[in-house]
Structures are given as C-alpha cells and as structure tokens.
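The structure appears right after this line, and notes come after that.
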Amino acid sequence: MLDPLATFVKQRRRQLRLSQPDLAAKAGVGLRFVRDLEQGKGTLRLDKVNAVLQLFGHEVGPVPVVFLPELE
C-alpha cells in the first residue's frame, strides 16, 4: 500500500525541482529524515513533518478514518 504522505512529498519536491538535500536544507531537517519521509517510515516526528509540509503550504491534520464493515 502506498503512503499518501510520502507520495505527496515526493511529487511536490519533484515538481519544484528540488533534490532531497535541497528540501532538507530548506525545511531545516536532516537528509535522512527526508529520505525516511519519502519512503513512508511509520514513525516520524510530527514537528519535522510539518516543517517539510509547510514549504508546500500544508500541514498535518486530523483525517476521518473509514472503517470497512468486514473488519469490525
């Protein structure tokens, strides 16, 4: 399953023609963090995720979860 956050960050970075090191520098985070974020790592610091997303005019927020009836 693709991680929508990872996909979003990677696509926006490429649209802006930024390398991973450029994105890391502009967001004030480490290169390793950007790589982990784009690979969909499950445990990331929220403040750093928001620092990256802020460059794209976004931030992390609550999203409704849809439960499938067969999983309940």
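The set of residues from segment 49-72 being open to solvent by 40 Å² or more (accessible area, probe 1.4 Å) and closer than 13 Å to LYS10 by Cα comprises just one member, LEU55. Checking LEU2, LEU37 one by one, the residue that is part of a loop (DSSP other than H, G, I, E, B) and among the aliphatic types (A, V, I, L, M) is LEU2 and no other.
Candidates in segment 2-43 are the residues that are exposed (fewer than 15 other Cβ atoms within 10 Å of the Cβ) and among the β-branched types (Val, Ile, Thr); of these, the one that is nearest to GLY57 (Cα to Cα) is THR7. Here LEU46 passes the criteria (1) open to solvent by 70 Å² or more (accessible area, probe 1.4 Å); (2) over 12 Å from the mean Cα position of the chain (by Cα); (3) aliphatic (A, V, I, L, M); (4) under 18 Å from HIS58 (Cβ atoms) except the one numbered (2).
The values are calculated or read from the model by the stated rules, or taken from the named source; none is laboratory data. A quick note: this is a predicted structure, and the numbers were derived from the prediction, not measured. A quick note on method: Cβ atoms are made from the backbone with ideal geometry, for glycine too, and the neighbour counts reach across all protein chains shown. Each accessible area value is taken on the protein alone, full model and side chains, heavy atoms only, with ligands, DNA and RNA left out. Shrake-Rupley method; radii C 1.70, N 1.55, O 1.52, S 1.80 Å.
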